[in-house]
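Notes for the one structure printed next.
The values are calculated or read from the model by the stated rules, or taken from the named source; none is laboratory data. All values reported here derive from a predicted model rather than from experimental measurement. Glycine also receives a Cβ, built like all others from the backbone with ideal geometry; neighbour counts cover every protein chain displayed. The accessibility values were calculated without ligands, DNA or RNA, using every heavy atom of the protein model including side chains. Shrake-Rupley method; radii C 1.70, N 1.55, O 1.52, S 1.80 Å.
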Amino acid sequence: LVVALFVALRSTPARADTIQANADYQSCVSLASGMTPCTTLYLNGMSLTGSIPEDLGLLTTLSVLDLRNNRLTSVIPLELGALVSLVTLDLSNNLLVGPIPTELGLLTALEALNLGVNVLVGSVPAELSLLTALT
């Protein structure tokens, strides 16, 4: 599935409102929803730009989402709080702005969270203190 996502990422036309690496990431999410459940999505260091698609929240079987070391902008989508199987979330080393969504407190299986080296503002939500598996 990761190979299929990479191929789709590289072969579809770009749009300004989605993650881009010379392609439209939105179609990758659509492609993944009709295939074998995706559990791991590593897209680190791929020079992705744009915003993180809200549709990523539909990939509820993800256990690892690694989008670090890109140039992603905009806010962290609230929809990522629907990824209840997520064990690792790494959005570090991007250009993400705004507050940390309280919805991330719904990720009760989360063991690793890295949001460093972004332009996030505000306090760490109290809901994250309920994530007892975080190391």
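Based on what the data block shows, is LEU134 modelled with pLDDT under 95, under 17 Å from VAL64 (Cα atoms), touching a strand residue (DSSP E or B) at 6+ places or on another chain (Cβ under 8 Å) and open to solvent by 40 Å² or more (accessible area, probe 1.4 Å)? Yes; evaluated as a whole, the condition is true for this residue. Residues that are open to solvent by 70 Å² or more (accessible area, probe 1.4 Å), assigned to a helix (DSSP H, G or I) and among the aliphatic types (A, V, I, L, M) do not occur anywhere in region 87-97. In region 102-130, which residues are part of a loop (DSSP other than H, G, I, E, B), under 22 Å from TYR42 (Cβ atoms) and open to solvent by less than 70 Å² (accessible area, probe 1.4 Å)? Result: LEU107, ALA109, LEU110, LEU115, GLY116, ASN118.
In summary, THR61 fulfils each of the numbered conditions (1) modelled with pLDDT of 95 or more; (2) in contact with a Pro (Cβ under 7 Å, 6 or more places away or on another chain); (3) open to solvent by 20 Å² or more (accessible area, probe 1.4 Å) with the single exception of condition (1).
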